[in-house]
Amino acid sequence: MPTAPLLDIRNLAIDFATETGTVEAVKGISFTVAEGETLAIVGESGSGKSVTGLALTRLLPEPPAIYRTGEILLSGRDVLKMNPRELRNIRGNKIAYIFQEPSTSLNPVFTIRNQIAEAIQLHRPEVRDLDAEVVKYLDLVGIVDPTKRLHDYPHQLSGGMQQRVMIAMALSCQPELLVADEPTTALDVTIQAQIIDQLRELKTRVRMAIILITHNFGIISGLADHVAVMFRGKIVEYGPTREVLANPQHPYTRALIQCIPQLGAKRERLATIDHAALEAAG
Amino acid sequence: MLAYLVRRLLYVVPILFGVMVLTFALFFVMQSPESMARNVLGKRANPQNVQQWLEKRGYDKPLFFNTQPEGQLFDSIFWNQMRRFATLDLGKSDTTEREISQVFREGAGPSLLITLPAFLIGLGLAVMLSLYLVFLRDSPIDTAGVVFCVALMSIPAMVYIIFGQGVVALSLNWFPAFGFHAEGLATLRFILLPVLLMVIIHLGRDVRLYRAVFLEEIAQDYVRTARAKGVSNSRLLRTHVLKNGLISLITLTVSQLPQLILGSLLLENFFGIPGLGNALFHAIQTNDFATVGAFVFLGALLIQAGYIATDLCYGLVDPRIRLGSSAETTAGPAHGTAWGKWAALLAGGALLVWALGSGFQSAWWKGTWTALSTKGGQLLAGVWVQNALVVGGFALVAGLILAGARNERWQRAFSRLRRDRIGVTAGIVIALYLLIGALDMLRLPIGPGTSGTTVLDWLARGIPAEKSYSAPLATHTLSVVNPEPLRGRHLLGTTALGKDTLLEVLKACRTALLIGGLTSAIYLPIGALLGIMAGYFRRWTDDLIQYVYSLVSSIPDILLLVSVLLVLGKSLTNMSITLALTSWVGLCRLLRGETLRQSERPYVAAARALGQSHWKIITRHLLPNVMHLVLINFVLGFSSLVLAEAILSYLGVGAPVGTASWGAMIDSARNELSREPQIWWNIAAATGALFFLVLSLNLFGDALRRAFDPKRG
């Protein structure tokens, strides 16, 4: 093995304590992300993919979340053994996040400048000219005339712009890993494409690993190097994107791929996933 | 901005007009000017004096329209009154003949000296404490903190004041116990204790409320984003959550600000502070209708000022709101757009008052009313009729809950409730109180008269009556000069009339439960029905209902209660009617909002598509879906009704003399605590009994809310 991977997850299991008993959300998964690599975690809602993303910096509220087994090794150090101060130090700094709903994920009563500057202040106290730094990142994510936008409030921006601000905020501390949790789901289709293009472009310009969490196989090709398919808290298929797309092994993966509408295909009803059949197949 | 302000001010007009009509209806229609004169003059009332008094105030004129040959059409009590209030002329006091505006000018200063510092200190303290609890959320300290807040809320204000004055000022001699002199820094000596007491009185309620607001903020998505940035928990609270939370708090706080001028009724009276609260207290005690009426008008004016201030603050603080464009303001339904509708509404209202006015004053109505009430009284006096009513009442509540429990959501909530240790304990305590109350309501056909004896009295028949006060377990009455031997030992001592304190406290359960039950029986159906109707029918039904409840809520509660009771007179039924008058608003507003949301759901559209009638949709579909809110409101509302009963009895407009009441027992402690030796057992027993009931009701209500809505504990 040449170098240790940036992120190495080993046998991670996460439970949720609810009033009706314990729910096993993630049932012992393992995967790695190398520096600069993009991994897509694909699965339907409830498959445990978002929980996995949030667990990387222990953002899940505990309780109800319980980390039952496993290790989350970030550059060789186990996140699950870190104290609160160390955790804060990696959040935003080493691992940054973009969430699904930009309109609620930004604080409505602070200007976008203040929200981005807060991250920079926390992790890069050496930066003197905060305004210039914020403008730099707004520019990087393709916001036109960023100086004018500095003192805008989130509600004054469109959904696509808000998500760009989220991305700028995530990039502003030069993280080694970006977790994009359904970054395009809440946006309309044309904006979705723009945001995905943006991520693709950033991937080449800023050397940074990305974990892209999505339920949509359609957006990962050309962006993700590897794919992990999650089903009911387990990774059922894991491999290079090209191979998985070309030759899916697990019936669930095949079913998911069939759900992608194809250009030029015969007009017919899109496939749905038959859970009973999958259950029977194990 | 300016356009908004103008429109907002115009909206005040119909509300104030409504308030004026309401006050008029109350003072001049519900009671006639003659009876008012007799009340004010008291013993000096003879036909001549009454006539003179009426003429002097112009109350000898016709009520609405002057149709006498040489009179002008609008030279009547109603129009003159309207004209006076419209020009902000508040008139003269009925008893002291002083200009009421003069009273306000003199009283506002001392009142504000107490209320303003107390408000600011209380706000700061409550925000800090609630943020601290949110910081420790879900920990035992948080739970204990909430229970402590509820406990603070469950002690009636006058007990704090009596304790503060009696112990801190009189016994420890730390502060002057009475009096007020505005003389520079020395004033501080006089206001310190009242300010402190006022802070404590409101602290529990505020901390609990603000905690809920901050908890709601902490569940927002932006909090997760901030944590993902590496923001620490304490910084998160200090910046992100605090700013958002404070914006939500504006509604709760800024609207109260103008009302601070009115001062604190109880505090000022106790400490002899010459403020507006004291002035009102005296006006109530002396049947000074003109002053009480002016207070109502001024209170409404101040509440409207508070609403406008709230809107302006939002415009300044919340970047999302730009005044004039947004609907997220306190302005009512029409936003001043449909003037024709308003005119129709007001004309209709005035007509109603006129019709009622003529009706109420007619001999036919009076005769019928007296006949009906005596007949009703006789009919209800029978032992078995009363027993049937009591059993019926309990059965009705039990039946409604059982009917609700068929609902799957209720079943889930009940199974959660069973595991809530605080909730179960509180429920058991409430059941005990209900049992005692029921024992004192059910009657046995024993003893003189047709009304029989209550089961509780029958059980307590062995407890002897004494002649005067005696200490707990004492052998002689409490008299320094001439102690007499007692006929028996009394666990908690005896009252001024020699009644056993414990028995008296237990008998007061009945009063509290009766008031709470009767009031709930009146306001719950009204509030629920109107709320659902407003949310379901929308449009003019909604406008009308919103107008009515804005009207009621634009008069400070205590003022409305006091003035209605002053006019109606003391009785348990009147007290229930009066309390119902103010209680339905909260429920109505809550259900209107919830019904608006529910009506968007497909099941309502589906029911309409199936051709269900409106009435069926309301009762079969909407009501079951909001019924849990009614239940929670019932339990929490019950606790405030019990407290209100005590406070009103204490103010002298509550339970009639001779009815056992915790408020009345606390009231008598004013004299008892200043005696030597102090008689503390009556107030202690009454406060204890009241405290545990209100505390349990509050905790049980909270537990119910948690059970139905586990996410928003």
Checked against (1) of a type outside the set (Asp, Glu); (2) touching a Lys or Arg at 6+ places or on another chain (Cβ under 8 Å); (3) without any contact (Cβ under 8 Å) to a residue 24 or more places away in the chain, A:Gly70 satisfies every condition except (3)
Segment B:537-633: helices (runs of 4 or more DSSP H) wholly inside it with 3 or more residues that are modelled with pLDDT under 85 and over 30 Å from B:Gly377 (Cα atoms) are B:539-553, B:572-599, B:602-609
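Where in segment B:376-471 are the helices (runs of 4 or more DSSP H), entirely inside, with at least 1 residues that are touching a Pro at 6+ places or on another chain (Cβ under 9 Å) and farther than 30 Å from B:Leu704 by Cβ? Steps first, please.
Details: elements: B:383-404, B:408-418, B:421-441, B:455-459.
Result: B:383-404.
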B:Leu572 vs (1) surrounded by 22 or more Cβ atoms within 10 Å (Cβ to Cβ); (2) in contact with a Pro (Cβ under 9 Å, 6 or more places away or on another chain): all pass except (1)
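B:Gly293 - would you say it is modelled with pLDDT of 85 or more and either surrounded by 23 or more Cβ atoms within 10 Å (Cβ to Cβ) or in contact with a Pro (Cβ under 7 Å, 6 or more places away or on another chain) (or both)? Steps first, answer last, please.
Working: modelled with pLDDT of 85 or more: no; either surrounded by 23 or more Cβ atoms within 10 Å (Cβ to Cβ) or in contact with a Pro (Cβ under 7 Å, 6 or more places away or on another chain) (or both): yes.
Here the answer is no, as B:Gly293 does not meet what is asked.
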Among A:Leu178, A:Leu223, the single one that is touching a residue at least 60 places away in the same chain (Cβ under 8 Å), surrounded by 21 or more Cβ atoms within 10 Å (Cβ to Cβ) and within 14 Å of the chain's Cα centre (by Cα) is A:Leu178
- Query: Quick check: is even one residue across segment B:241-252 surrounded by fewer than 17 Cβ atoms within 10 Å (Cβ to Cβ), over 35 Å from the mean Cα position of the chain (by Cα) and touching a residue at least 24 places away in the same chain (Cβ under 8 Å)?
  - Reply: no
B:Ala144 meets each of (1) within 30 Å of B:Phe700 (Cα to Cα); (2) touching a residue at least 40 places away in the same chain (Cβ under 8 Å); (3) in a helix (DSSP H, G or I) with one exception, condition (2)
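If you go through segment A:54-63 one residue at a time, do you hit one that is under 30 Å from A:Ala119 (Cα atoms), in a helix (DSSP H, G or I) and under 17 Å from the mean Cα position of the chain (by Cα)? Spell out the reasoning first.
Filtering segment A:54-63 for residues under 30 Å from A:Ala119 (Cα atoms) gives A:54-63.
So of that shortlist, the ones also in a helix (DSSP H, G or I) come out as A:54-55.
So of that shortlist, the ones also under 17 Å from the mean Cα position of the chain (by Cα) come out as A:54-55.
Yes.
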Practice task
Say whether the condition of being crowded, with 17+ Cβ neighbours inside 10 Å, within 14 Å of another protein chain (Cβ to nearest Cβ) and either at positive phi or outside any strand (DSSP E or B) (or both) is met by at least one residue in segment A:65-80.
Solution key: yes
(message) Among the residues of segment A:21-37, are any more than 18 Å from A:Tyr252 (Cα to Cα), at pLDDT below 85 and within 14 Å of chain B (Cβ to nearest Cβ)?
(response) yes
Residue hits (segment B:123-135; surrounded by fewer than 19 Cβ atoms within 10 Å (Cβ to Cβ) and within 14 Å of chain A (Cβ to nearest Cβ)) are B:Phe135
Requested in this report: Could you tell me whether segment B:420-438 includes any residue that is of a type in the set (S, T, N, Q), exposed (fewer than 15 other Cβ atoms within 10 Å of the Cβ) and modelled with pLDDT of 80 or more?
Outcome: yes
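Return the total of residues in segment B:663-680 being touching a Phe, Trp or Tyr at 6+ places or on another chain (Cβ under 9 Å) and assigned to a helix (DSSP H, G or I).
Narrowing segment B:663-680 to residues touching a Phe, Trp or Tyr at 6+ places or on another chain (Cβ under 9 Å): B:663-664, B:666-667, B:669-670, B:672-673, B:675, B:679.
Now drop any that are not assigned to a helix (DSSP H, G or I), which leaves B:663-664, B:666-667, B:669-670, B:672.
Final tally of qualifying residues: 7.
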Taking segment A:88-119 and keeping residues surrounded by fewer than 23 Cβ atoms within 10 Å (Cβ to Cβ), of a type in the set (Lys, Arg) and at the interface with chain B (Cβ under 8 Å from one of its Cβ atoms) leaves A:Arg88
Listed by range, helices (runs of 4 or more DSSP H) wholly within segment A:120-235 having at least 2 residues that are touching a strand residue (DSSP E or B) at 6+ places or on another chain (Cβ under 9 Å), of a type outside the set (Val, Ile, Thr) and away from chain B (no Cβ under 14 Å) are A:189-205
Among residues of segment B:106-151 being of a type in the set (Ser, Thr, Tyr) and more than 23 Å from the chain's Cα centre (by Cα), the residue farthest from B:Tyr210 (Cα to Cα) is B:Ser139
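Does A:Arg85 count as within 13 Å of chain B (Cβ to nearest Cβ), without any contact (Cβ under 8 Å) to a residue 12 or more places away in the chain and either under 19 Å from A:Gly28 (Cα atoms) or among the basic types (Lys, Arg) (or both)?
Working: within 13 Å of chain B (Cβ to nearest Cβ): yes; without any contact (Cβ under 8 Å) to a residue 12 or more places away in the chain: yes; either under 19 Å from A:Gly28 (Cα atoms) or among the basic types (Lys, Arg) (or both): yes.
Spelling it out, A:Arg85 is indeed within 13 Å of chain B (Cβ to nearest Cβ), without any contact (Cβ under 8 Å) to a residue 12 or more places away in the chain and either under 19 Å from A:Gly28 (Cα atoms) or among the basic types (Lys, Arg) (or both).
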Review point. Would segment A:186-199 turn up any residue that is touching a residue at least 12 places away in the same chain (Cβ under 8 Å) and of a type in the set (Ser, Thr, Tyr)?
Key: no
Scanning segment B:462-496 residue by residue, those touching a helix residue (DSSP H, G or I) at 6+ places or on another chain (Cβ under 9 Å) and loosely packed, with under 14 Cβ neighbours inside 10 Å turn out to be B:Leu491, B:Ala496
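The values are calculated or read from the model by the stated rules, or taken from the named source; none is laboratory data. Small disclaimer: the values here were computed from a predicted structure and weren't measured. Here the Cβ is made from the backbone with ideal geometry for all residues, glycine too, and neighbour counts use every protein chain on show.
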